[in-house]
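Working notes for the structure below.
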Amino acid sequence: MSRPSFRFPDGFHWGAATSAYQIEGSPLADGAGPSIWQRFAHTPGMMANGDTGDVACDHYRRYREDVQLMKALGLHGYRFSINWARVLPEGTGRVNPKGLDFYSRLVDELLEHGIAPNATLFHWDLPAALDDRGGWLNRDIAHWFAEYAEVMFKALDDRVPRWSTLNEPWVVTDGGYLHGALAPGHRSKYEAPLAAHNLMRASGAGIQAYRAHGRHEIGVVFNIEPKYPHSDRAEDVAATRRAHAYMNQQFADPALLGSYPPELKEIFGDAWPDFPADDFKLTKQKVDFVGINYYTRAVVKHDPNQYPLQATPVRQPNRTYTETGWEVFEQGLTDTLTWFKQRYGDIPLYITENGSAFYDPPVVENGVLDDPLRTSYLRKHLGALHKAIAAGVNLKGYYAWSLLDNLEWSLGFSKRFGLYHVDFATQQRTPKATAKLYAQVIASNGSVL
Ligand SMILES: N=[N+]=NCCCCNC(=O)[C@@H]1[C@H]2[C@H](O)[C@@H](O)[C@H](O)[C@@H](CO)[C@@H]12
């Protein structure tokens, strides 16, 4: 029987992704202001092993070397984020030319090597100066973000073909405002919905600014984690519906439908504000694409003690789990994409992040570090993409998470997602077997799978 062909559509865009605080290092160099992650990482007890982004992958200084790694993979594009506080040290007003210059040099280096820049304006590292003024809890942040976005568009839109306003607003509010595990470390059921709403107001204002100044494409990036009921009991089905609305609709609905799902009022009760109707004229903007970050699924059961969802994930027997505790479940990627199209219409989609953290014994043969579990994850999830495309999903590209092993936020450097291994003591980059496979996938547009 002939092997199934996994050839992807002509022109399919293959990339890799990173984010500023996770790889750059030098967080306060050349006039940069502190971000909330610079502040959070230096707060005792917040970071595994006391790890910080002070050095990380030293990308701020080694970016030319890292562009060579991208070129070696044959990447079509590179998704990176901009540290807002490098460019606007106080978050608004004064522009730091050296901060802007770093991103201009990075973009030029990418273009020189035929790699399309894909810039994310906000990947969690809010300027600390804005957090001091209320941050995502202050409705003025929609204007602060639009001002920052306009500075970036005027500086780089001549060379950056694709922009995203936000990366994964759900993680910002769930981790940073409800549970407190991420910066800025708040724990409030009243703050989380306000932050979520202002994130989407800001995203809308950023898109409006792009329509006035930009010439290419802008979108927004959501993490979507499909939810499956643990049983067909009504309480488990209802818990699954709540979990789905909370993670997968809370941000896409105001952005793409101009409303919130009713489950959010059910979840937050008196903590769910009555938002002004006019706000949805701002949150809902035409997007040129949506980025979807997919990692895993959740099997959900009712749990009256779990706050605020009254739902909890159920670990599945006889399944492979990654180092971050995420089940390898590639069917969830296909299901996510077909669901997204069914709910929001035929919007061009990119997988803007997909990858896995596994422990790899440091066995290097012929200059390559073997990582069979990560390679298997990639193969399975690219196969799942192919199924979604065959089902009619308008998928334009895929960005592997991540180019480099990097700072996995409060989990530190121990969770390694990179196509390239990083020895953080020496900063030596070493390709993993998954990098070699990915390069073959790109060169053959998927046919090698
Ligand atoms: N339970 N559970 N569920 C899965 C929910 C995942 C939420 N976290 C992400 O998606 C983050 C995204 C982030 O952009 C990147 O900066 C992170 O390094 C990766 C890896 O963690 C992923």
> Quick one: what does P(r) look like for region 309-449 with 5 Å bins over all Cα pairs, in whole %?
Replying inline: 2, 9, 17, 20, 18, 16, 11, 5, 2, 0, 0
> Which value in Å does the Kirkwood hydrodynamic radius of the chain take, with 1/r averaged over all unlike C-alpha pairs and then inverted?
Replying inline: 22.1 Å
>> To check my understanding: the extent here is largest minus smallest coordinate of the Cα atoms along each principal axis. What are those three numbers for region 207-341, in Å, largest first?
In response: 52, 35, 24
> Among bridges DSSP assigns within the chain, what percent are antiparallel (round to 5)?
Replying inline: 20 percent
> Just going by the charge dipole of the chain, with Lys and Arg at +1 and Asp and Glu at -1 on Cβ, which of Thr52, Val441, Leu369 is farthest out on the positive end?
Replying inline: Val441
> Regarding region 276-323, what are the three Cα extents along the principal axes, ordered largest first, in Å?
Replying inline: 46, 29, 15
> Which ³J(HN,Hα) values in Hz, rounded to whole numbers, follow from the phi angles of region 162-178 under the Karplus curve 6.51 cos²θ - 1.76 cosθ + 1.60, where θ = phi - 60° and Gly and Pro get x?
Replying inline: 9, 10, 10, 6, 10, 10, 6, x, 4, 5, 4, 7, 5, x, x, 10, 9
> What whole-number value in cubic angstrom gives the convex hull volume per residue for the C-alpha atoms of region 100-163?
Replying inline: 85 Å³
> Which shape class applies to region 20-111: rounded if a/c is under 1.5, otherwise prolate when a/b exceeds b/c and oblate if not, where a ≥ b ≥ c are the square roots of the Cα gyration tensor eigenvalues?
Replying inline: oblate
> Which whole-Hz ³J(HN,Hα) couplings does region 219-229 yield from phi under the Karplus relation 6.51 cos²θ - 1.76 cosθ + 1.60, θ = phi - 60°, glycine and proline marked x?
Replying inline: x, 9, 10, 10, 8, 10, 10, x, 10, 10, x
> At q = 0.16, 0.21, 0.22 Å⁻¹, what is the log10 ratio I(q)/I(0) for region 99-210, with the Debye formula run over Cα points and no solvent?
Replying inline: -0.74, -1.08, -1.14
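Rule-based calculations on the coordinates, nothing more; no lab input. Values in this document were obtained by computation on a predicted structure and should not be read as measured data. Using ideal geometry, Cβ is built from the backbone for each residue, glycine included, and neighbour counts are taken over all protein chains shown.
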